[in-house]
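Data block below; observations after.
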Amino acid sequence: MTIKRVAIIGLGLLGGSIGLAITARGLDIATTGFDRDPAVRARAAERGLVDQVCDTAAEAVASADLVVLCVPVGAMGDAARDLAPGLTPDAIISDVGSSKEAVAAALAAALPGACIIPAHPVAGTEQSGPEAGFATLFAGRWCIITPPDGADPAAVAALGDFWTQLGSKVELMDAAHHDLVLAVTSHIPHLIAYTIVGTASDLEDVTQSEVIKYSAGGFRDFTRIAASDPVMWRDVFLTNKGAVLEMLGRFSEDLTALQRAIRSGDGDTLFDLFTRTRAIRRQVIEQGQDDERPDFGREHGE
Ligand code: NAP
């Protein structure tokens, strides 16, 4: 099974980046695309995000052997129902959603009997929309494929090959485990960033202009994450509720322990934790998941 025609539904950051990566890498794959917003469709055509922008989802998928849904996770079911009339029986249906159990259930309910293989490229930025996509988004990043029980191994392998051709490293995982792992590595960090930025902007005895003026002390790194798309992240928390609440419970306990250490002057506890976390940063860099230059490689100068 080789993928030759891909339909991309949702032409924002993820959808646009898939289309651009296919072109930039010179892959022998034809692309069609659809977005529900006519202005996004027009801009996608101008930027050449896909070979052909279609006016309906059914038209976009009509000859596709792979359909990739690149819409917010809460919109997956509706988007799948929209494209159903155009789908060919052998097409693989996949997605890029950030939570996997809920998306798998929504797709299965919308497209009974279809070959559904959900996936999540662990690659992104805080930008969204048709201007945001770029061809190298997936290079060197993991793509986690979460095949449901009984999934066709040939279809799983074809989807894995597709992501490898886009430059990703591919891993297979159970959907529930994916949701737990991503709750810790992505969803809770976003929740913390949203909280810190929200709390700082609500303070009464520190003015907002001071928060912004002195943000280089650490705050600005949280503002990047907290600038992420509100619709996408609302949907992630609503669809990965169980895993996020479980991890949040652990996080609250650890935060309480730190609070106690600070109150009681227990410097050893603080020092031990900060030493362990520094080692994690080293591992992230060693595994090529971030830039090793200080301060994320920002320019420092006049
Ligand atoms: P995005 O830039 O906002 O693009 C999503 C596009 O889908 C928007 O143009 C949206 O239009 C459109 N859309 C919404 N509902 C639709 C429907 N029913 N049919 C057709 N188009 C529809 O979002 P993104 O950042 O690419 O995220 C897309 C998916 O990727 C999400 O599921 C997200 O969880 C996942 N993901 C994101 C990242 C990241 O860092 N951003 C990383 C990995 C995975 P409207 O604006 O009109 O709603």
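The values are calculated or read from the model by the stated rules, or taken from the named source; none is laboratory data. This one's a predicted model, so the numbers in the text were calculated from it and none came from an experiment. Virtual Cβ from ideal backbone geometry, glycine too; neighbours counted across all protein chains shown.
Listed values, structure above:
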quantity: Tally, over region 38-58, of residues that are touching a helix residue (DSSP H, G or I) at 6+ places or on another chain (Cβ under 6 Å) and farther than 30 Å from residue 241 by Cα; calculated: 5
quantity: Pair list, Cβ under 6 Å, 6 or more apart: region 271-285 residue more than 16 Å from residue 254 (Cα to Cα), other residue surrounded by 11 or more Cβ atoms within 10 Å (Cβ to Cβ); calculated: 284/290; 285/292
quantity: Exclusive hit being modelled with pLDDT of 95 or more, away from the ligand (no atom under 11 Å from the Cβ) and on the phi < 0 side of the Ramachandran plot, set 121, 85; calculated: 85
quantity: Sole residue being touching a residue at least 12 places away in the same chain (Cβ under 8 Å) and among the small types (Gly, Ala, Ser), chosen from 216, 257; calculated: 257
quantity: Selected residue (criterion: surrounded by the fewest Cβ atoms within 10 Å (Cβ to Cβ)) from residues of region 144-170 that are within 19 Å of the chain's Cα centre (by Cα) and under 16 Å from residue 93 (Cβ atoms); calculated: 160
quantity: So residue 154, is it at negative phi, assigned to a loop (DSSP other than H, G, I, E, B), among the hydrophobic types (A, V, I, L, M, F, W, C) and modelled with pLDDT of 95 or more; calculated: no
quantity: Identity of the residue in region 146-177, free of Cβ contacts under 8 Å to residues at least 40 places away in the same chain and among the β-branched types (Val, Ile, Thr), that ends up farthest from the ligand (Cβ to nearest atom); calculated: 156
quantity: Within region 1-25, considering residues that are of a type in the set (Gly, Ala, Ser) and in a helix (DSSP H, G or I), the one surrounded by the most Cβ atoms within 10 Å (Cβ to Cβ); calculated: 16
